[in-house]
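The values are calculated or read from the model by the stated rules, or taken from the named source; none is laboratory data. Being a predicted model, the structure only gives us computed values, none of them experimental. Don't worry about glycine lacking a Cβ; one is built from the backbone with ideal geometry, like all the others, and counts go over all protein chains shown. Remember, those area values only see protein heavy atoms, side chains included, never the ligands or the DNA or RNA. Shrake-Rupley method; radii C 1.70, N 1.55, O 1.52, S 1.80 Å.
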Amino acid sequence: MSNKYNPAEIEPKWQQIWAEQQLYKAVEDPERPKWYALTMLPYPSGDLHTGHWYAYTPSDAGARFRRMNGYNVLFPIGFDAFGLPAENAAIKHGAHPAQWTFANIEQMRAQLGRMGAMWAWEHEAVSCDPEYYKWSQWFFRKFYDAGIAYREYAPVDFCPTCNTTLAREQVWGDDRHCERCGTPVIKKNLEQWKFRITRYADELVEMLDQIEWPERVKVMQTNWIGRSIGAEVAFHTEQGEPLVIFTTRPDTLWGATFMVLAPEHPLVNAITSTEQRAAVEAYKEQAARMDEIQRGAVDKEKTGVFTGGYAINPVNNERIPIWIADYVMMGYGTGAIMAVPAHDARDFAFAQKFGLEIRRVITGPDGAAGPLTEAYDAKDAGEMVNSGPFDGTPVEDAVSKVTAWLEANELGRGAVNYRLRDWLISRQRMWGAPIPMIYCANCGVVPVPYEDLPVLLPDDAEFRPTGESPLKYHEGFRWVKCPQCGGDAERETDTLDTFMCSSWYQYAYLSPYWKAGQPLKADDMPWEKTVGDYWLPVDQYTGGIEHATMHLLYTRFFTKVMRDLGLVDFDEPMLRLFNQGMILGPDGEKMSKSRGNVINPDEVVDRYGADTVRGYLMFIGPWDQGGPWDPQAIEGVYRFLQRVWVVVVEAMQVVQPQGKPARTPSPDQLRALERKLHQTILKVTDDMQDFRFNTAIAALMELNNYLYKVRETDVVNSAIWHSALRDLLLMMAPIFPHIADELWHRQGNTSSIHLQRWPAGDPEKAREAEITVVVQINGKVRDRLVVAPGAAKADLEGAALQLSSVTKWLEGRAPRRVIVVPDKLVNIVAD
RNA sequence: GCCGAAGUGGCGGAACAGGCAGACGCGCACGACUCAAAAUCGUGAGGGGAAACCCGUGUGGGUUCGAUUCCCACCUUCGGCACCA
């Protein structure tokens, strides 16, 4: 046994012992409170990078801390193993994606093992395993039966590089690029499977109040769902056909001076006059050619044409012209708007360009009712004018009053619209769970029977360099008998979005590959119920913010559907969420091979050990902030561990110099040590609760510096010294699990440190013996008083005024006022 | 344009129910050990000034005995959304 700190020796040793003792096996125990700690599962790229370490090791420290505080902790890991990189590798190397994927998983298991995390490996689940995706398909089938899954022919986003359609959530940025590969997406008209997430839009917004998630994630989801409350109002065409519009400002109905339809609006044909037909057709064609990116450009000049048709405004029976323009989208609301140029910036720009009337119906905050030079859209000041029965109504009440009036007169009704679109889950890729659907010439769309699941991926797929899905060309896969009529039929060759596989993985972990090899039924449960009843829902989730409007929205939706299917009895899958920041290269930029600023965690672990890497990552700064990797700063954590080693190992040895009797330390020394210890326990306990690892480590360093300094004094001949060493190790255990267990055993303990209870801090023992009180004159520090804590205000004031420095500064002036904050300061105010 | 987060030493950061700005660490300087270096240990430092002191938490105002912390207006950076009616 070496007497020097040698992580390369002790870390593999402890990892092996922990595994042999099944130290992290999670077993239901009704006697103890449970804690389901979950971290976002990795994609098995084959290489665990620093980002994974930054995501996982603090998450592990948090889980370990809970465990030491009496919780029965489940901290599982698995692999989100379907996806395009495996398919691309298959095209490149000619190997099956499964081969590539499982080889990578093997490699990553070893890398994950080096972290020294308390992974509950027996709960591992791999989403590309047929026994896993059997259940993904089962969920699809359940969703289909429940009317949540449906098929639709519509314009969809398509990534030309990934060769597949994408969900709206996977299209990012103002250039509308693919979230995975960065290529700008194009629009295609395709028949695709979707999930009715919009049915849950309201609940997805409302229930954000019930979960402890970072505010910014809640805001992003709220904005993404984009609920707007207003009214639908029935206008009519001159010919009498109803023309329904959605507006958030029904109070401006009297200011509508024209209407605008989306070019694709079904009514356009009917209302277009003979004279305008050619212009309308030309505009429609032009709009159709343009994709949404071009149409959506905000600064684009407004375009549009008059249809020749007119509509009747139901509130005043006015006849107003109907235009078409591409700034109105068919996909939102009813695809038609009433234009109120006076109170909407877009309508204002349009009216100005085409010389249409701008009629003011809301006064300015000062009562101004004259012509406008720009749209006035404030909703908190002004009152209605030129609005018939509503003149004089303050805007604050206007929307609700007009909406009620519309309903009473059957002209419209209150309505809500969402920006959220249904979740497109079809992917034209091979390496995903096949959508379990069959198309039969006789029976139409036929779902694969539950007992026939899984629909297996072929293991002899042929990958084409064109990037097309091999399933389309795999005769054995594609052609089937119809489950209903037995006739020739065709399989769906699209696969499920991998986000669907990860939407329920926290449930899959409970009892991985549940009912493996058994036929499934409609009323099955995808996990062992008693296990789920104990662990669910997830208590603490950690992961990156990049999933704010993708995975984190989808898994909430999934859980709500599962609740409605009777699978779970709660509304939200994850009660608490923490988003870690991003670890950057030493140059402060995102790590990337092309930049050459990648830190390879394996190399750093070889050099310093996993404990140092863990501790350094947690020491950099607040976990949600991320930050640059500093190759020099990591030395500080390494030195800290070496100094802990020295303090603890030296204490094991005989410290009494020969011939000198052991001397008793003074009570002051002992109290000072005890105070430092309990201050540290209180501080570290508090910090660990909230993942403030950086300040927790700083406090541990302070304590160790203190112990290091006094280790050659008489305090070592005391019980408090030994309990300080013991508590230091206990507090280090979640962050530095290996060195903590090693030194713990060297102290003579026989069971693992990770089975011990977290030390209890005593505020009484942490209290300072004396406190420095600052003496200020006019807010500037001029002197200090050292007093016992809790000194009376009057005494502090008196003592301060006695100070020679104070009388000097006052130069004979009488204090006008003296502010005393006990234990803090005395501030003397003088003219 | 709208929404959100953040600006503190040479660097990462600490301290905000308003009360000694810069904990902890990196780097730096000096010293000890060494023939020397590395490692280790010790000491030191926000800037200016010989000192007394003065100035300092993005900028400018404000509230207060007192503001990194609260309020107002800007500037910069990052993230999200964007003709959503």
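For region A:198-205, state whether one or more residues are more than 21 Å from the chain's Cα centre (by Cα), in a strand (DSSP E or B), away from RNA strand B (no atom under 12 Å from the Cβ) and touching a residue at least 40 places away in the same chain (Cβ under 8 Å). Scanning region A:198-205 turns up no residue that is more than 21 Å from the chain's Cα centre (by Cα), in a strand (DSSP E or B), away from RNA strand B (no atom under 12 Å from the Cβ) and touching a residue at least 40 places away in the same chain (Cβ under 8 Å).
Residues that are away from RNA strand B (no atom under 11 Å from the Cβ) and either without any contact (Cβ under 8 Å) to a residue 24 or more places away in the chain or open to solvent by 60 Å² or more (accessible area, probe 1.4 Å) (or both) within region A:225-269 comprise A:HIS236, A:GLU238, A:GLN239, A:GLY240, A:GLU241, A:PRO242, A:PRO266, A:ASN269, listed in sequence order.
Within region A:528-552, residues that are farther than 14 Å from A:MET574 by Cβ and in a helix (DSSP H, G or I) reach partners that are open to solvent by 10 Å² or more (accessible area, probe 1.4 Å) and away from RNA strand B (no atom under 16 Å from the Cβ) with beta carbons closer than 7 Å, at six or more positions or on different chains, in the pairs A:VAL531/A:GLU28; A:VAL531/A:SER511; A:TYR534/A:GLU28; A:TYR534/A:LYS34. Whenever a residue of region A:804-816 is more than 20 Å from A:LEU785 (Cα to Cα) and more than 11 Å from RNA strand B (Cβ to nearest atom), its partners that are assigned to a loop (DSSP other than H, G, I, E, B) and open to solvent by 90 Å² or more (accessible area, probe 1.4 Å), lying with C-beta atoms within less than 8 angstrom and at least six residues away or across chains, give the pairs A:ARG813/A:ASP831. If you filter region A:699-711 down to residues that are more than 16 Å from A:ASP668 (Cβ to Cβ) and out of contact with any Asp or Glu (no Cβ under 9 Å at 6 or more places or on another chain), you find that the one that is farthest from RNA strand B (Cβ to nearest atom) is A:LEU707. Would you be able to say whether some residue in region A:189-197 is more than 9 Å from RNA strand B (Cβ to nearest atom), within 27 Å of A:VAL402 (Cβ to Cβ) and outside any helix (DSSP H, G or I)? Within region A:189-197, not a single residue is more than 9 Å from RNA strand B (Cβ to nearest atom), within 27 Å of A:VAL402 (Cβ to Cβ) and outside any helix (DSSP H, G or I). Just one residue in the set A:TYR534, A:TYR554 is among the aromatic types (Phe, Trp, Tyr) and surrounded by fewer than 19 Cβ atoms within 10 Å (Cβ to Cβ); that residue is A:TYR534.
Selection of region A:321-355 for residues being more than 43 Å from the chain's Cα centre (by Cα), surrounded by fewer than 22 Cβ atoms within 10 Å (Cβ to Cβ) and within 15 Å of RNA strand B (Cβ to nearest atom) yields A:GLN352, A:LYS353, A:PHE354.
Being crowded, with 24+ Cβ neighbours inside 10 Å, modelled with pLDDT of 95 or more and more than 24 Å from A:GLU28 (Cα to Cα) holds for only one residue in A:PHE140, A:PHE75, A:PHE102, and it is A:PHE140. Of all residues in region A:394-428, those that are in a helix (DSSP H, G or I) and hydrophobic (A, V, I, L, M, F, W, C) total 8. Residues that are within 11 Å of RNA strand B (Cβ to nearest atom) and either within 30 Å of A:GLN15 (Cα to Cα) or open to solvent by 30 Å² or more (accessible area, probe 1.4 Å) (or both) do occur in region A:757-769. crowded, with 22+ Cβ neighbours inside 10 Å, more than 21 Å from A:TRP213 (Cα to Cα) and hydroxyl-bearing (Ser, Thr, Tyr) - does that describe any residue in region A:587-599? The answer is no; no qualifying residue exists. Filtering region A:666-688 to residues that are free of Cβ contacts under 8 Å to residues at least 12 places away in the same chain and within 14 Å of RNA strand B (Cβ to nearest atom) leaves only A:ASP686.
Taken as a whole, region A:440-450 holds no residue that is closer than 19 Å to A:ILE229 by Cβ, touching a residue at least 24 places away in the same chain (Cβ under 8 Å) and either crowded, with 21+ Cβ neighbours inside 10 Å or in the same structural domain as A:MET329 (by TED's automatic domain parsing) (or both). No other residue among A:ASP174, A:ASP157 is closer than 26 Å to A:GLU546 by Cα, surrounded by fewer than 14 Cβ atoms within 10 Å (Cβ to Cβ) and out of contact with any Phe, Trp or Tyr (no Cβ under 7 Å at 6 or more places or on another chain) apart from A:ASP174.
Restricting the search to helices (runs of 4 or more DSSP H) fully inside region A:466-513 and requiring at least 1 residues that are under 31 Å from the mean Cα position of the chain (by Cα) gives A:498-501, A:505-508.
Going through A:ALA814, A:ALA792, A:ALA800 one at a time, which residue ends up being outside the structural domain of A:TYR706 (by TED's automatic domain parsing), modelled with pLDDT under 85 and over 49 Å from the mean Cα position of the chain (by Cα)?
Exactly one of A:ALA814, A:ALA792, A:ALA800 is outside the structural domain of A:TYR706 (by TED's automatic domain parsing), modelled with pLDDT under 85 and over 49 Å from the mean Cα position of the chain (by Cα), namely A:ALA814.
Taken over region A:637-650, the criterion of being surrounded by 16 or more Cβ atoms within 10 Å (Cβ to Cβ), near RNA strand B (Cβ under 8 Å from one of its atoms) and either closer than 26 Å to A:VAL598 by Cβ or free of Cβ contacts under 8 Å to residues at least 24 places away in the same chain (or both) is satisfied by A:VAL637, A:TYR638, A:PHE640.
Within region A:308-329, the set of residues being more than 21 Å from A:LYS284 (Cβ to Cβ) and among the charged types (D, E, K, R) comprises A:GLU318, A:ARG319. Within region A:424-434, does at least one residue satisfy the condition of being more than 18 Å from A:ASN163 (Cα to Cα), open to solvent by 30 Å² or more (accessible area, probe 1.4 Å) and in the same structural domain as A:ARG168 (by TED's automatic domain parsing)? No: zero hits.
The set of residues in region A:1-57 being in contact with a Lys or Arg (Cβ under 7 Å, 6 or more places away or on another chain) and not polar (S, T, N, Q) consists of A:TRP35, A:ALA37.
Tell me which of these A:ARG782 doesn't satisfy, since it passes every other one: (1) within 45 Å of the chain's Cα centre (by Cα); (2) surrounded by 17 or more Cβ atoms within 10 Å (Cβ to Cβ); (3) basic (Lys, Arg). A:ARG782 satisfies every listed condition except (1). Close contacts from region A:70-87, counting a first residue that is more than 30 Å from A:PRO465 (Cβ to Cβ) and touching a residue at least 24 places away in the same chain (Cβ under 8 Å) and a second that is charged (D, E, K, R) and open to solvent by less than 10 Å² (accessible area, probe 1.4 Å), with Cβ to Cβ under 9 Å and a gap of 6+ residues or different chains, come to A:VAL73/A:ARG64; A:PHE75/A:ASP60; A:PHE75/A:ARG64.
Of all residues in region A:679-689, one or more are farther than 17 Å from A:PRO763 by Cα, out of contact with any His (no Cβ under 7 Å at 6 or more places or on another chain) and in the same structural domain as A:GLN653 (by TED's automatic domain parsing). Within region A:9-26, being in contact (Cβ under 8 Å) with a residue 24 or more places away in the chain and in a loop (DSSP other than H, G, I, E, B) holds for A:GLN21, A:LEU23, A:TYR24, A:LYS25, A:ALA26.
How about region A:183-199: which of its residues are open to solvent by 20 Å² or more (accessible area, probe 1.4 Å) and not β-branched (Val, Ile, Thr)?
A:PRO184, A:LYS187, A:LYS188, A:ASN189, A:LEU190, A:GLU191, A:LYS194, A:ARG196, A:ARG199
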